[in-house]
4 protein chains.
Amino acid sequence: MVRNIKVEHLVETPIEKQQIELVERKGIGHPDSIADGLAEAVSRALCNEYISKCGVVLHHNTDETQIVAGRSNPQFGGGEVIQPIYTLLVGRATKEFEGVEIPAEAVALSAARDYVRNTIVDMDLERDMIVDCKLGTGSSDLRDVFNRDRVPVANDTSFGVGHAPFSELEQIVYGSERKLITDLKKKIPGIGTDIKVMGLRDGDDISLTICCGMVGRHIDDMSHYISIKEEMADYVTDLALKHTERNVTTLINTADNIRCGSVFLTVTGTSAEMGDDGSVGRGNRCNGLITPGRPMSMEATSGKNPINHIGKIYNLLSTQMARDIVKAVPDVQDVHIRLLSQIGMPIDQPLVASAHVIPEDGVNFASVRAETESVIDDWLSNVTKITDMVIKGELDTF
Amino acid sequence: MVRNIKVEHLVETPIEKQQIELVERKGIGHPDSIADGLAEAVSRALCNEYISKCGVVLHHNTDETQIVAGRSNPQFGGGEVIQPIYTLLVGRATKEFEGVEIPAEAVALSAARDYVRNTIVDMDLERDMIVDCKLGTGSSDLRDVFNRDRVPVANDTSFGVGHAPFSELEQIVYGSERKLITDLKKKIPGIGTDIKVMGLRDGDDISLTICCGMVGRHIDDMSHYISIKEEMADYVTDLALKHTERNVTTLINTADNIRCGSVFLTVTGTSAEMGDDGSVGRGNRCNGLITPGRPMSMEATSGKNPINHIGKIYNLLSTQMARDIVKAVPDVQDVHIRLLSQIGMPIDQPLVASAHVIPEDGVNFASVRAETESVIDDWLSNVTKITDMVIKGELDTF
Amino acid sequence: MVRNIKVEHLVETPIEKQQIELVERKGIGHPDSIADGLAEAVSRALCNEYISKCGVVLHHNTDETQIVAGRSNPQFGGGEVIQPIYTLLVGRATKEFEGVEIPAEAVALSAARDYVRNTIVDMDLERDMIVDCKLGTGSSDLRDVFNRDRVPVANDTSFGVGHAPFSELEQIVYGSERKLITDLKKKIPGIGTDIKVMGLRDGDDISLTICCGMVGRHIDDMSHYISIKEEMADYVTDLALKHTERNVTTLINTADNIRCGSVFLTVTGTSAEMGDDGSVGRGNRCNGLITPGRPMSMEATSGKNPINHIGKIYNLLSTQMARDIVKAVPDVQDVHIRLLSQIGMPIDQPLVASAHVIPEDGVNFASVRAETESVIDDWLSNVTKITDMVIKGELDTF
Amino acid sequence: MVRNIKVEHLVETPIEKQQIELVERKGIGHPDSIADGLAEAVSRALCNEYISKCGVVLHHNTDETQIVAGRSNPQFGGGEVIQPIYTLLVGRATKEFEGVEIPAEAVALSAARDYVRNTIVDMDLERDMIVDCKLGTGSSDLRDVFNRDRVPVANDTSFGVGHAPFSELEQIVYGSERKLITDLKKKIPGIGTDIKVMGLRDGDDISLTICCGMVGRHIDDMSHYISIKEEMADYVTDLALKHTERNVTTLINTADNIRCGSVFLTVTGTSAEMGDDGSVGRGNRCNGLITPGRPMSMEATSGKNPINHIGKIYNLLSTQMARDIVKAVPDVQDVHIRLLSQIGMPIDQPLVASAHVIPEDGVNFASVRAETESVIDDWLSNVTKITDMVIKGELDTF
């Protein structure tokens, strides 16, 4: 069946030429990101449990983790959590299949605890966090979707959105958080995992406002704290300048009041310990960013099943499509993909697959259209590849 | 102090001229909307309690309600909830102020139950829903923000986004859900409150795909169900045609399989009774819509305190600004507002207030810019008006 | 099959001749009693639901309600609950039987809320209490116990204990709480339902120490409070003197410090609103009393299923046996019954049914033994009568 | 002030001469015992935290742990928990004292997890159990009780009960469970910690009915299971015969149906994994036993604060008194102690301290009375020794 693919020439000021650009990334230790990460870790663990016990992935959606902030008493050189963070894993899962019982909640609990242990490395799971779990059973009529050889049908009428390529600011914002955690934190353990990077580009001036919960027990005193902030700012600015020739300013924890001794100190490296609740789908889109100047979907990607949940698959797919179009099709400045499903129809047959392309000036749009369509069509023909990549953990969801 | 207001001429294909437009609205009984509504009802009740007990609104954020779906056994002419929906109200609230104890959790509980009783009218609160509550105390240093005569300072570095005017499709999608509930449901009680409207415009063809959980006890049998669907479709199409001259098709519950007797029947009028969890900030933006072709913010608006929480105030404010610009400034086809705060700075002094304007062809942009700036500046001067409107319940948040 | 009934002549100082006697009753509004009452109300509602849907009572045990105290700010003429009481209904229930789904948790929730509304009459369920519910499913092999025509088999190796008649002090302690609630509270609404009566008899001196949570909004001021206490003390003393010729002293709320204004005032009439948690099986035995000078069982009676749960049936049965022995067998001063079950054996065939009898002096014990055995044997032959009485609500469990 | 100590000569058939004697012990892995153990572990950890942070023990009561059973799929050589056990720690604790914040809930969580790890050794805390926590704050007027040099005053009008010496059956029942865990389990890891021993003595015939949840992954198959049962029975019978010359029969897991393959197998060694809920104060009294033929108190001992909570102190104290009387006073066959407090009075001044003594025949009761009084008076003079022993963990509470 021919797919309904619509490629439009979008007349729009390209992002790099707009005066104001805003980009945000919530780091892995931000309460919303913790929720996302838990939801996805639980879904992935369930996928593997289902495959191992039943040979196929069964129906589940665990995209609703709720984190209720605790209370803490952070101190230089120490500090302690006063009231543990409360985490409620929420969702649906198939718990029985052809006579086999699947320990969905035990698997979820274990996966969640592993995830926190490996990711929020400064948290002491024995006293800083309660992990609770309420997984209902899925509605039975959805179950058989999963047990077929053909392309699954969409679970909902919903859409996914993606774009490429990243602008300079997008690259910088994304990369800053990633490198602070994967590189600089190894050298400076006082850097917490709850890093929020807010990037503003005003013409050719980029300012990066970074909010980072520092880990008290790795920081001796205020002067040590200040020196870490300086080191972070320099590190991030240097990093940014590899991606841009614009002016870059980096500010760390601007709300600090050094004189009053009021700084952003934590025990566990995340503000979830003290007043910041978190939940799934409130933070980064599946490309890792929040970009109000770009098309976005409200659908949470994390925690949904990767078989037939459009809210997950079409967000991931449209992002992959956009990236491949930019790679494969010459003269595409910018491409936005929107995929709209129709409940009950095969997921390789969206109601519409829409591409908005901003081509380079003077390009023959007909050829751009044809090649773009081709990339989209190829991906739709191979839509279940997204499922496989998710299960293997090859695609980030936030 | 002069405000940093940037008005740009946006070169962009206006929305009505784009080939593909997608607009979605989750109705008031959708699980995500219930969560939004509860969060906002709790915040409003707390505002009033604080004012009544302490004379001022005190720090709180109750923007994290989690709804865990139940299980139900819907039937024509009856049906029952098997496992109650579990609702967890989450957030922070000031519980003590100058020696006065504020019954934050009791107020929250009572407000939440009232909200459900009045809004999700087919739910029996005595057996269909559990309302639980975990409100932490706010961090003390935030508290004094609220007790001052001057403009509050921003609680975070964050942004809000708004646009105007609504496109035809936006008007139609928004209006359909509203009228089905406020008008047609009075005549046809079998219409549930969980109505999701997905609008797709492909050139001049508008299709409205509506998903509505029908209320079994008000529907006699399958033929009655079918006749209600037909009546709804006609009603919505007629409504739409008042806003457009394009072709309109309305589809209701397309996943129904009449022959198998598998239709979207519920006991309570919401899918939260059976498998659909919900949480705050995952559904409609504060203008009531999800619009992937428009700038959007990820910040939840519902449940945040209306004093200093940028995630609420700047979303509401930018939407009001955009609407007033369209009213007050001639020749504006479309305007997008983005407001970026800086933590610790007065909320009437955003780091940047950015307007993207698509003017009518051939207009003098200098004059548009000046008038647009003026509307923005006025609103910023009167930013606390947003707070008042929220407390009085004059602004919708989802 | 002959039953193993052992009737012994117990040589023991009769209770009325012992120097010191201690008897306690926790009133219906005591947190432990609320837990008991909820557990039993839920079980009874489930019994009726099972009978109505399936024709037989199915497996369940709901004997573990946990009440987590709230916080309150009681005042003369008003007051309010600050933090709601949290109540968790816990247990097991059959949720599916021969294709019929039973809404166990919805039934439990509804029954619990009804019970509180009718019993803890000064509580505002909309804001003073959260009712939550976690009912697991029962183990399947227990289920078929319930679906047979013959006598059910014991669910456990366990025992029940009962005695009769009540001593003077036992009558007085029991009657005081009952009459205060059923009679005097009608006249004096300021009397709360949380009444604990501690009776001490030291020789011929009886002192009744009563602790009663008064309801602030029905009491004008301290002098009103004092006058209520006086009226209660007189009322109870008068009541007691109808049962005894001993000296009676009644003390109400002895921990009050009138001068400091520190008295036992509440908003809801129960200390569960402020600091006193409660759970099932921690208060009164099924005869309504705590009697350290009498044999007692640790088994909670409330909330257990009345079909095969020995912890319930044998406690109720032994109490009924003891009462009937006293009525039917002449010259019995005192009788204690202990029934020990054996898991998997029919409940009319206890491993041992032991009666300790204190006969009047000079009585022929052989005849007492024979008549006592006969009463016991009769009751065992009609053991399922206990089940019927429980379902009809004819037997108190605390 | 002279203490009100009443020593009576009790005329009663001594326990060893009664025809029927019933004694029960719930082992450390029984759900009720797990609840008791958690409650006490949490209280002890809080005591130590308070002492370390504030120099004194502050007000708390954590005597209300609720265990909600999970679901499991036990197998020989393996098995797994399907749904984790849910454990809710409940109580009150002082969270702030003279400006110092005490991390009561974090301490409780950590202590609870440590306790389970060390005691329920076959449980995998990462996936088999959820530990949740709801600790309210104590009422402030109780707090100052704890901060004084003089004897604390009673928190309630309540009583404690104790007796000594243990009968033969009591020794046997208590010792069986203890030795199975501390000795035989080392050799046979398939023995679970959830061991319930029900002892019945009918004249000179003792039968011990033992219910033990075996640990599947340490047991190869049914014949291995059977051989373990045989080894346990022989072990217990041998043990018993060291304490008695009566006939002893030991039965293990009598409800097993070997032919159907239905035996008492578990994954974690406790029935909490599958259908048996548990809560504090429902199992063993503080002497480790349930003895319906002896005076008992309903007051839970575990988890209460050891400073002023009569429900704990007087139960422990009366048991210590009874044991010392038996040791120190010649010719006492049996002694029962009951201590009744009066709220607000110093705990070394009970309203009455009552001893029921069964002396050897022909003894001069006057001298027994005097010596008994003396032991009681001494203990009351040193009542805070109980507090110290509790904090050091020298007294068992269940």
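Which of the residues spanning segment C:184-223 are under 23 Å from C:Ala272 (Cα atoms) and acidic (Asp, Glu)? Result: C:Asp194, C:Asp220, C:Asp221.
Of these, B:Ser227, B:Ser167, which one is touching a residue at least 40 places away in the same chain (Cβ under 8 Å) and either open to solvent by less than 10 Å² (accessible area, probe 1.4 Å) or out of contact with any Phe, Trp or Tyr (no Cβ under 9 Å at 6 or more places or on another chain) (or both)? Quick ask: steps written out before the conclusion?
Details: B:Ser227 fails: touching a residue at least 40 places away in the same chain (Cβ under 8 Å).
That would be B:Ser167, the only listed residue that is touching a residue at least 40 places away in the same chain (Cβ under 8 Å) and either open to solvent by less than 10 Å² (accessible area, probe 1.4 Å) or out of contact with any Phe, Trp or Tyr (no Cβ under 9 Å at 6 or more places or on another chain) (or both).
When the residues of segment A:19-31 are filtered to those that are within 11 Å of chain B (Cβ to nearest Cβ) and open to solvent by 10 Å² or more (accessible area, probe 1.4 Å), which remaining residue is nearest to A:Arg178 (Cα to Cα)? Among residues in segment A:19-31 that are within 11 Å of chain B (Cβ to nearest Cβ) and open to solvent by 10 Å² or more (accessible area, probe 1.4 Å), the one nearest to A:Arg178 (Cα to Cα) is A:Lys26. The number of residues in segment B:197-217 being in contact (Cβ under 8 Å) with a residue 60 or more places away in the chain and open to solvent by 20 Å² or more (accessible area, probe 1.4 Å) comes to 2. The set of residues in segment B:88-101 that are touching a helix residue (DSSP H, G or I) at 6+ places or on another chain (Cβ under 7 Å) and modelled with pLDDT of 95 or more comprises B:Leu89, B:Ala93. In summary, C:Ala104 fulfils each of the numbered conditions (1) touching a His at 6+ places or on another chain (Cβ under 9 Å); (2) open to solvent by 10 Å² or more (accessible area, probe 1.4 Å); (3) among the small types (Gly, Ala, Ser); (4) within 11 Å of chain B (Cβ to nearest Cβ) with the single exception of condition (2). Is it the case, given these coordinates, that B:Gly269 is away from chain A (no Cβ under 12 Å) and on the phi > 0 side of the Ramachandran plot? When the stated conditions are applied, B:Gly269 passes them. Taken over segment C:293-307, the criterion of being in contact with a Phe, Trp or Tyr (Cβ under 8 Å, 6 or more places away or on another chain) and within 12 Å of chain D (Cβ to nearest Cβ) is satisfied by C:Ser297, C:Glu299, C:Thr301, C:Ser302.
Do we have C:Arg117 as more than 30 Å from C:Trp379 (Cβ to Cβ), open to solvent by less than 10 Å² (accessible area, probe 1.4 Å), free of Cβ contacts under 8 Å to residues at least 40 places away in the same chain and of a type outside the set (Asp, Glu) here? Step through it out loud before you land on a result.
Values: more than 30 Å from C:Trp379 (Cβ to Cβ): yes; open to solvent by less than 10 Å² (accessible area, probe 1.4 Å): no; free of Cβ contacts under 8 Å to residues at least 40 places away in the same chain: yes; of a type outside the set (Asp, Glu): yes.
So C:Arg117 fails the test.
Among the residues of segment C:221-277, the ones that are part of a loop (DSSP other than H, G, I, E, B) and over 26 Å from C:Ile85 (Cβ atoms) come to 9 in all.
Inside segment D:294-339, residues that are out of contact with any helix residue (DSSP H, G or I) (no Cβ under 8 Å at 6 or more places or on another chain) and not in a loop (DSSP other than H, G, I, E, B) make up a count of 11.
Could you please let me know if A:Ser176 is open to solvent by 10 Å² or more (accessible area, probe 1.4 Å), away from chain B (no Cβ under 13 Å) and small (Gly, Ala, Ser)? No, not satisfied.
Out of curiosity, is A:Gly288 more than 30 Å from A:Thr62 (Cα to Cα) and within 14 Å of chain B (Cβ to nearest Cβ)? No; evaluated as a whole, the condition is false for this residue. Residues that are more than 30 Å from C:Asp202 (Cβ to Cβ) and open to solvent by less than 10 Å² (accessible area, probe 1.4 Å) were ranked within segment C:32-41; the one that is nearest to the other protein chains (Cβ to nearest Cβ) is C:Ala35.
Per-residue answers, yes or no, for (1) of a type outside the set (Asp, Glu); (2) at pLDDT below 90:
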position: A:Asp114; (1), (2): no, no
position: A:Val121; (1), (2): yes, no
position: A:Glu126; (1), (2): no, no
position: A:Arg148; (1), (2): yes, yes
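Scanning segment C:283-305 turns up one or more residues that are within 22 Å of the chain's Cα centre (by Cα), open to solvent by less than 10 Å² (accessible area, probe 1.4 Å) and without any contact (Cβ under 8 Å) to a residue 24 or more places away in the chain. For segment A:348-392, a residue qualifies if it is in contact with a helix residue (DSSP H, G or I) (Cβ under 6 Å, 6 or more places away or on another chain) and in a loop (DSSP other than H, G, I, E, B), and exactly one does: A:Asp348. Once segment B:9-18 is narrowed to residues that are at the interface with chain A (Cβ under 8 Å from one of its Cβ atoms) and of a type in the set (Val, Ile, Thr), the residue that is surrounded by the fewest Cβ atoms within 10 Å (Cβ to Cβ) is B:Val11. Going through (1) in a helix (DSSP H, G or I); (2) closer than 28 Å to B:Glu21 by Cβ; (3) basic (Lys, Arg) one by one, B:Arg201 falls short only on (1).
Consider segment C:187-196. How many of its residues are assigned to a loop (DSSP other than H, G, I, E, B) and open to solvent by less than 20 Å² (accessible area, probe 1.4 Å)?
6
Check segment A:248-262 and report whether any residue there is in contact with a Ser or Thr (Cβ under 8 Å, 6 or more places away or on another chain) and buried (at least 24 other Cβ atoms within 10 Å of the Cβ). The answer is no, given that none of the residues of segment A:248-262 is in contact with a Ser or Thr (Cβ under 8 Å, 6 or more places away or on another chain) and buried (at least 24 other Cβ atoms within 10 Å of the Cβ). What number of residues in segment B:120-136 are more than 21 Å from C:Leu88 (Cβ to Cβ) and buried (at least 22 other Cβ atoms within 10 Å of the Cβ)? Qualifying residue count for the region: 3.
If you go through segment C:350-383 and keep only what is loosely packed, with under 15 Cβ neighbours inside 10 Å, touching a residue at least 24 places away in the same chain (Cβ under 8 Å) and over 26 Å from the mean Cα position of the chain (by Cα), you end up with C:Glu360, C:Phe365. Within segment D:128-136, is there a residue that is under 23 Å from the mean Cα position of the chain (by Cα), within 14 Å of D:Gly303 (Cα to Cα) and more than 7 Å from every other protein chain (Cβ to nearest Cβ)? Yes - at least one qualifying residue is present in segment D:128-136. Against the list (1) under 30 Å from C:Thr65 (Cα atoms); (2) outside any helix (DSSP H, G or I), the condition C:Arg217 fails is (2).
Only one residue in B:Ile386, B:Ile347, B:Ile325 is surrounded by 18 or more Cβ atoms within 10 Å (Cβ to Cβ), more than 13 Å from chain A (Cβ to nearest Cβ) and out of contact with any strand residue (DSSP E or B) (no Cβ under 8 Å at 6 or more places or on another chain). Which one?
Working: B:Ile347 fails: out of contact with any strand residue (DSSP E or B) (no Cβ under 8 Å at 6 or more places or on another chain); B:Ile325 fails: out of contact with any strand residue (DSSP E or B) (no Cβ under 8 Å at 6 or more places or on another chain).
Residue meeting the stated conditions: B:Ile386.
The values are calculated or read from the model by the stated rules, or taken from the named source; none is laboratory data. Just so you know, these numbers come straight off a predicted model, no measurement behind them. With ideal geometry, Cβ positions are generated from the backbone for all residues, glycine too; neighbour counts draw on all protein chains shown. For accessibility, only protein heavy atoms count, side chains too; no ligands or nucleic acids. Shrake-Rupley method; radii C 1.70, N 1.55, O 1.52, S 1.80 Å.
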